[in-house]
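Quick notes on the structure that follows.
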Amino acid sequence: MGKHSATGWWVPLTKRWILALLIMLSISTAIAFFIRAALDPCDRHLEVSDKKRVQSQSVPRIATKSSPLSFMKSKLVLLVSHELSLSGGPLLLMELAFLLRGVGTKVNWITIQKPSEEDEVIYSLEHKMWDRGVQVISAKGQETINTALKADLIVLNTAVAGKWLDAVLKEDVPRVLPNVLWWIHEMRGNYFKLDYVKHLPLVAGAMIDSHVTAEYWKNRTRERLRIKMPDTYVVHLGNSKELMEVAEDNVAKRVLREHVRESLGVRNEDLLFAIINSVSRGKGQDLFLHSFYESLELIKEKKLEVPSVHAVIIGSDMNAQTKFESELRNYVMQKKIQDRVHFVNKTLTVAPYLAAIDVLVQNSQAWGECFGRITIEAMAFQLPVLGTAAGGTTEIVVNGTTGLLHPVGKEGITPLAKNIVKLATHVERRLTMGKRGYERVKEIFQEHHMAERIAVVLKEVLKKSKSHLY
């Protein structure tokens, strides 16, 4: 069976990481590791050509010394999340909450779905919001209705959050729609239900993470639901300041790299190709392992002199191994590559693994990723990316410059295998791609870039809301 992270080494190792990081980094940076998830809020996409790209509004950058969101000072904003968890969607909304609180916005937070029993994650995240001045209120009740009616802006996060409107606001729904910005991350077909998005055409605007996702929503809402999208704004995400601090701290990266590699039982000179996603068929771990095995055969067949090459699957669940994960582990045993494949349990601390690996593999299948934030996080660590030529990945990775793209499906197995060999055998190319990826992140994928893009959207939405009053 492939190696995996066991709780036996995880706890003390984590403590060592924390101690090391607290010496070299700010406390806020260390804490931030524990609220970041490696999972992207969406996992599918639609590939389109530039000529057919949706007429959505790409948000330009703004040159300003103060926060681009400073105009939101003293305004009341209600954030509505379908859940509160360590997945991409809720964490993105929390980031928006903190950006707004940073400029003096009054921010209220609603979580629609909560378990009946106490949940440690929810407890922790809610207290983090309280500490930052975000008011966490009930998802229903008169206080919530009053807050929604008074709010300058309401942000619905994900398509599922739409059902909250009728369930709670009822006859007051038409009064709030002009103040609603709908932040959409999903690309799965099961989200295209009128029960979720019937009010979508009447809101002030939709904010979507990539052009591909925007095109997908435009087509599917028109063809399947016979409704029209509102004004749609494409806002590419950005890396948090905390992650960038670690990515640019060579001492911290060296410490993290040594500890992770020691835990995996690999040497400093070994090459690690990692996929960091929840283990599921849609994320393509099975096809990645087929490609990895084929790359080992190519290296052996051509008698190439390369360091020992390893595959790391980060996103496993040791407590509830699925049938799919069992298939992955059985494949590793059948091919007798247990010493080359390492399974790591789901972790919030993506930075240590990004510091430890050499190449990120983004192998999401079908529609691909609607954005794929782990991709820009890896690029911040100067890692080249081997990704599927699908979805938001095509808007992040510059093929041949910051990484190499391959087709989705079985057709992509051999091309990915060849790309693994290319980067394993060409050190300079691998390093150059990593540096160019980092430069691309610095240019357009940082937190302040995202804040600037969001600011443009919020100004437009507030302008429409104000005009609706007259």
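The values are calculated or read from the model by the stated rules, or taken from the named source; none is laboratory data. Being a predicted model, the structure only gives us computed values, none of them experimental. Note: ideal-geometry Cβ built from the backbone for every residue, glycine included; neighbour counts use all protein chains shown. Side chains included, ligands, DNA and RNA excluded: accessible areas come from the protein's heavy atoms. Shrake-Rupley method; radii C 1.70, N 1.55, O 1.52, S 1.80 Å.
Need one value: the accessible area of ARG175 in square angstrom, 1.4 angstrom probe, rounded to the nearest 10.
150 Å²
Would you mind working out the magnitude of the charge dipole of the stretch 92-133 relative to its Cα centre, with +1 at each Lys and Arg C-beta and -1 at each Asp and Glu C-beta, to the nearest 20 Debye?
360 debye
Does the stretch 279-358 classify as rounded, prolate or oblate by the C-alpha gyration tensor (a ≥ b ≥ c root eigenvalues; a/c under 1.5 gives rounded; else a/b over b/c gives prolate, otherwise oblate)?
Oblate, because a/c is 1.5 or more while a/b does not exceed b/c.
Please list TYR331, TYR233 from largest to smallest accessible area, probe radius 1.4 Å, with all protein chains kept in place.
TYR331, TYR233
Taking the Cα-to-Cβ direction at SER124 and at LYS198 and moving 7 Å from each Cα, how far apart do the two end points lie in nm?
The two pseudo-label positions are separated by 3.9 nm.
Which value in Å is the Kirkwood Rh of the stretch 229-305 over different Cα pairs?
Kirkwood radius, the stretch 229-305: 16.6 Å.
Modelled label-to-label distance, ILE137 and ASP166, 7 Å Cα→beta-carbon offset: nm?
For ILE137 paired with ASP166, the spin-label model returns 2.4 nm.
Filter the cross-link list LYS170/LYS218; LYS140/LYS464; LYS114/LYS140 down to pairs whose alpha-carbon distance in this structure exceeds 23 Å.
The pairs that break the limit, which is 23 Å between Cα atoms, are LYS170/LYS218; LYS140/LYS464.
Relative contact order of the stretch 77-178: what whole-number percent is it, with Cα pairs under 8 angstrom and at least 6 residues apart?
Values: 126 pairs, mean separation 37.6, N = 102.
With pairs under 8 Å counted, the relative contact order is 37 percent.
In what order, largest first, do TRP130, TRP217, TRP367 sit by accessible area if the probe radius is 1.4 Å?
Heavy-atom accessible area, descending, gives TRP130, TRP367, TRP217.
Search the structure for amide H atoms under 5 Å from the amide H of HIS406, placed 1.01 Å from N in the peptide plane, and list their residues when 5 or more places away or on another chain.
Excluding prolines and chain starts, which carry no amide H, the hits are GLY387, THR388, ALA389.
Viscosity 1.002 mPa s, temperature 20 °C: give me the Stokes-Einstein translational D for the stretch 203-334 in µm²/s, with Rh taken as the Kirkwood radius over C-alpha pairs.
Taking Rh from Cα pairs, D becomes 112 µm²/s.
In square angstrom, rounded to the nearest 10, how much accessible surface does ASP195 have for a 1.4 Å probe?
In the full protein context, ASP195 sits at about 120 Å².
Counting only heavy atoms of protein chains, what accessible area per residue, in Å², does the stretch 150-253 have with a probe of 1.4 Å?
36 Å²
Just want to confirm a number: the relative contact order over the stretch 222-326, from Cα pairs under 8 angstrom separated by 6+ residues, in percent. Please report the intermediate quantities before stating the final value.
Working: 59 pairs, mean separation 30.4, N = 105.
In percent, rounded to a whole number, it is 29.
How large is the convex hull of the C-alpha atoms of the stretch 112-247 per residue, in Å³? Numbers along the way, then the final one.
Values: hull volume 20.4 nm³, N = 136.
Taking the convex hull of the Cα positions in the stretch 112-247, it is 150 Å³ per residue.
In whole percent, what relative contact order does the stretch 169-245 give with Cα contacts below 8 Å and a gap of six or more residues? Don't skip to the answer; put the middle values down first.
Numbers: 90 pairs, mean separation 23.9, N = 77.
Here the relative contact order equals 31 percent.
In Å³ and rounded to a whole number, note down the convex hull volume per residue for the Cα atoms of the stretch 325-408. Working shown, then result.
Values: hull volume 10.0 nm³, N = 84.
Spelled out: Cα convex hull of the stretch 325-408, divided by residues, is 119 Å³.
Starting from the 7 Å offset along Cα-to-Cβ, what nm value, one decimal, do you get for the label separation of THR425 and GLU301?
1.2 nm
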